[in-house]
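Here is the structure we will look at.
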Amino acid sequence: MPPSDSDLCEIRRREGRLDEAAAHGRRAVALDPGDAAGWYNLGVALYDRLEVAASIACERRAVRLAPDAPGPHFELAEGLLLSGQWEEGWREYDWRWRLPGVPPLIPAAILERHGHTAARSWDGHPLPEGTLLLVADQGFGDTIQFARYLPMAAALCPNLVVACSPDMRPVIRSLPGGYRTVTDWEEAPPFAAHAALSSLPGLFGTRPDIVPPPLPGLRAEPERVKRWAERLDRLLPRGYRRVGLVWAGRPTHGNDRNRSLTLARLELFFALEKTVLVSLQKGPAQAEAARYYGAAPLVDLGPELGSFADTMAVLGQLDHVVCVDTAVAHLAGAMGRPTAVLLPYAPDWRWLLGRGRTPWYPTVTLHRQPAPGRWDEAIRGAVAAVTGGNIRASGRPSRR
């Protein structure tokens with residue numbers, strides 16, 4: 001049996017053939033306007049085409065037809081949040097817990113061990129006694145972005161514990177306030193209520209015009225900073241602008257095909273005069289640094305960055321950071337480092353629409369694709385941000 005137009009809509013979308021995806025989706029809802037899945041798939045395709053108002057309308061139709069289906073609710077949240085309609089968007093965002101394959105925030109065995117009160121989700125009201133467990137439930141970037149709410153939560157719940165991955169522990173521990181962290185469920189103390197870190201923006205009524213400032217006082221360990229400063233001073237040429245690069249995210253990310261690029265695509269940076277490029281890239285894409293050939297020296301620090309504690313120490317030694325939408329973008333922004341973030345045509349909701357700046361990080365500039373797959377304009381904008389628009393190039397290739 002051949003795939004339906006609704007199925008073809010999603011198939012073509014995943015292939016990046018967005019015009020065909022939208023055409024199949026529109027045909028599907030015309031043939032069967034009562035099919036919630038057809039409206040849902042069309043809405044997802046229209047989001048990727050950045051037809052956000054139309055995407056929201058499709059998902060609202062799907063929600064009316066299938067009010068208990070989590071997919072349309074979550075996609076509706078994405079569209080609402082991207083377009084700045086955060087009050088309703090946060091409510092719909094809670095449907096993410098019902099998506100297929102999403103594990104519970106806290107394992108059932110842990111809830112049972114700590115009693116029925118532990119199953120209570122925190123509602124944002126004061127909890128002067130008892131422990132509040134906040135769970136860093138999403139990716140590294142999300143944890144960094146939403147950690148700004150820890151002081152607000154601690155003001156209401158003095159006994160606060162953060163459950164996070166070992167990778168995030170150095171970041172949380174570097175914050176003023178001395179937050180207790182656990183990286184294994186077996187370490188979790190008895191708790192009276194819990195909440196996801198990613199739920200705190202909604203609990204605190206965050207809007208685009210009232211975003212709390214980034215992590216206050218986020219600083220790398222002084223001894224680590226000293227070691228890295230000495231190493232970079234020996235390694236990098238004096239008097240050169242230091243530009244950190246991250247060109248690819250985690251390959252398993254659902255949107256990595258659109259958000260990541262190759263080092264070669266950043267060739268405009270390779271010819272910058274009096275500039276040294278510092279690769280902070282980790283993962284499979286790190287190997288591309290070994291094939292670099294350009295006028296600006298490139299130093300590959302990827303193999304030496306053992307943790308985010310190292311990355312934080314290095315970021316403090318750079319003049320600018322250029323990266324795709326990864327954890328480094330959040331970390332550099334949270335530390336107040338000048339950062340140029342390269343965004344795909346249909347970005348993640350947190351970057352909003354059509355803005356060159358973000359309320360989440362005052363020192364970050366956003367450089368967006370004008371159409372799917374077109375990185376050149378975004379990269380030119382990032383080069384201008386790094387150089388202040390004064391682009392001088394050298395033609396002498398260099399490998400370091």
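Out of the total accessible area of the chain (probe 1.4 Å, heavy atoms of protein only), what percent is carbon and sulfur?
On the chain, the fraction of accessible area on carbon and sulfur atoms equals 52 percent.
Excluding ligands, DNA and RNA, what is the solvent-accessible area per residue of the chain at a probe of 1.4 Å, expressed in Å²?
Per residue, the chain has an accessible area of 44 Å².
Counting only DSSP beta bridges with both residues in the chain, tell me the antiparallel percent, nearest 5.
10
Could you rank the peptides 238-249, 221-232 by their average count of other C-beta atoms within 10 Å per residue, with the highest value first?
In descending order of packing, they fall as 238-249, 221-232.
Among 181-194, 136-149, 21-34, what's the highest-first ranking by average C-beta atoms within 10 angstrom per residue?
136-149, 21-34, 181-194
When the helices in the chain are scored as -39500 (n - 2.57) per DSSP H run of 4 or longer and the sum is shared across all residues, what 222 nm value do you end up with, to the nearest 500 deg cm²/dmol?
Here the helix-only value at 222 nm equals -10500 deg cm²/dmol.
For the pair LYS226/GLU88, report the inter-label distance in nm, with labels modelled 7 Å from Cα in the Cβ direction.
According to this spin-label approximation, the distance is 5.6 nm.
Relative contact order of the range 1-71, please, whole-number percent, based on alpha carbon pairs below 8 angstrom and at least 6 residues apart.
Computed over the range 1-71, the figure is 27 percent.
Just want to confirm a number: the relative contact order over the chain, from Cα pairs under 8 angstrom separated by 6+ residues, in percent.
For the chain, the relative contact order is 13 percent.
Magnitude of the Cβ-charge dipole of the chain, K/R +1 and D/E -1, about the Cα centre, nearest 20 debye?
1620
The values are calculated or read from the model by the stated rules, or taken from the named source; none is laboratory data. As the structure is a computational prediction, the values presented were derived from the model and not from experiment. Quick reminder, even Gly has a Cβ in these numbers, built from the backbone with ideal geometry, and neighbours come from all protein chains shown. Only protein heavy atoms, including side chains, enter the accessible area calculation; ligands, DNA and RNA are left aside. Shrake-Rupley method; radii C 1.70, N 1.55, O 1.52, S 1.80 Å.
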